[in-house]
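Report on the structure given below.
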Amino acid sequence: MARSPYPLGANLNPAEAFRKMRRIIAEDPDWHLNLVPSLSNLCLQSIVSNFEEKPIFEVLTPIQKDFVLERLSTSLPLHVTANLISDSVYWKRCCEQRWDICDVSHYGHSWKRMFFERHLEDIIELFIPDVTETKTVLQIVPLCKNYVKRLDISQLLPPIKEPQKEEDEYGSELASVNEYDGPSMDHFDFNILLNKLTNLEELHLVYRVKQCGMNFEGKMFEMTDRDCESLAKALKSCKTLKLLRLRLSHIEDKKCRLLVKYLLDHPSLRELDFSHNMIGDRGARAIGKLLTRSKLEILNVCDNDIRGPGARAIAHALSKNSTLLSINLRLNRLRDEGGQAIGKALLNNNTLLHLHLGANEVTGPTAIVLSEVLVQSHTLRSINLSCNNLGVDGGKALEKAMSHNTSVTECDIRLTEVDEQSISFINQVVRTNQRLEEERRAQELKTK
């Protein structure tokens, strides 16, 4: 049979010819050939699905890595992902899925650092001595030690109290005075951890139990002697630590002295915060010794029980110290004995920038000594004497001193019984000094 020289449908109208030429009609009107996944995407999807068994990642191109990271499960074991996946969208997804509030700016804008710091914090805060296995902590250390720079521990759980059994008639008499059947530790033992965190720079601790409800006991909110000894040794072993904040933990003189003993000559410690504890004069003397054998720049011991003798010990160290930039003694009981000692020490100190003596029951004599400091010092930038009874004479002495001062840019004398005229003059001088400081900084920027 002879073949027609004309193509199929040549004698038909265009619509009929198009209908006869089309052999496949898709059920989905939006279907298009471009929607068919490419072989490379199918391969990448297979990598995602089998990542735990075969973690193929390093050989991928940057675009392929992005494809995989956006689809990987956030529940993959950390031993698979920790040292393989760098800081990326994957760790951001892990953080946002686990915690409601994720401010990466608090973690050096590193999502990976945020994840591992908060993950380790959660493990420690839920650790129950003699119940939680130590390996729960230790097995995460090799995975997170390169990324953990700060730990902020907001609770430490005590051991589970065993119900007391009824003793027989002679039970208490037969019990040995040296027998101890209690737990091996009272809270988490930091001695097993800190020396392994080779990049740790900040440690924030509170010995307390959150949401204890009706089971409240005073011992839930304090560091025990064994805790203190364990922590002290751990701090000494952590050579990279720059900031230690240990607040609201019922630290009294004995514990303070033990902690300071192990912090003497620490190579990197620059900031120490023992605020809101129970430190008295003996503990303050230990802190004074620390100031002579460390490179501390910031010291905060506000809301303790430091009185005159303790303040004198700190003042003696302060007169010889050349590294401390800020000291906060607010809410202690220095009175004029301690306040005057601190003031006289500052006459021989050329480095301190910030002094806080608020709410210390100091009066006019302390204000008079500090006025001498304000006349002589060119380094002090802020002084806080609020909530003390300085009186009119103390205010006049400060007013006269500030008329000769060009460095203090903050002077807080609220609630001090100082005359309003003196307060107004001092505030005016402070504003002038602030303006001069801003001009000086602007000039420095121009010369750079």
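Across region 254-302, the relative contact order, built from alpha-carbon pairs under 8 Å that are at least six residues apart, equals 55 percent.
With the full set of protein chains in place, find how many percent of the accessible area of the chain is carbon and sulfur; take the probe as 1.4 Å.
Details: 13230 of 25600 Å².
That fraction is 52 percent.
Taking every protein chain into account, the accessible area of region 199-305 amounts to 44 square angstrom per residue (probe 1.4 Å). Considering only alpha-carbon pairs that sit under 8 angstrom and 6 or more positions apart, the relative contact order computed for region 196-301 is 28 percent. Taken over the C-alpha atoms, region 253-398 has Rg and Dmax values of 14.2, 46 angstrom. Applied to region 267-275, the Karplus parametrisation 6.51 cos²θ - 1.76 cosθ + 1.60 on θ = phi - 60° returns per-residue 3J(HN,Hα) values of x, 10, 5, 10, 9, 10, 10, 10, 6 Hz, with x for Gly and Pro.
Projecting label points 7 angstrom from Cα along Cα→Cβ for GLN139 and VAL59 puts them 3.0 nm apart. Comparing CYS95, LEU259, VAL429 along the charge dipole axis of the chain, the residue lying farthest to the positive side is VAL429, per the Cβ-charge model. Between GLU337 and LEU415, what FRET efficiency follows from the Cβ-Cβ distance if R0 is 25 Å, with the result rounded to 0.05? Calculated transfer efficiency: 0.70.
Hey, what's the Cα Rg ratio for the chain versus the globular rule of thumb, 2.2 N^0.38 Å? Before the final figure, lay out the partial values.
On the way: Rg = 33.7 Å, N = 448, 2.2 N^0.38 = 22.4 Å.
The chain yields a ratio of 1.51.
Sorted from longest to shortest, the spans of the Cα atoms of region 391-433 along the three principal axes equal 24, 16, 13 Å.
What distance in nm lies between label points placed 7 Å from Cα along the C-beta direction at SER237 and LEU42? About 5.5 nm, to one decimal. Tell me, how many Å apart are the Cα centres for region 111-142 and for region 388-418? If we compute the Cα centre of each part, the gap is 50 Å.
Based on C-alpha pairs under 8 angstrom that are at least 6 apart in sequence, region 380-448 has a relative contact order of 37 percent.
The values are calculated or read from the model by the stated rules, or taken from the named source; none is laboratory data. Note that the coordinates shown come from a computational prediction; the quantities given were computed from them, not determined experimentally. With ideal geometry, Cβ positions are generated from the backbone for all residues, glycine too; neighbour counts draw on all protein chains shown. Surface areas here come from the heavy atoms of the whole protein model, side chains and all, with no ligands, DNA or RNA. Shrake-Rupley method; radii C 1.70, N 1.55, O 1.52, S 1.80 Å.
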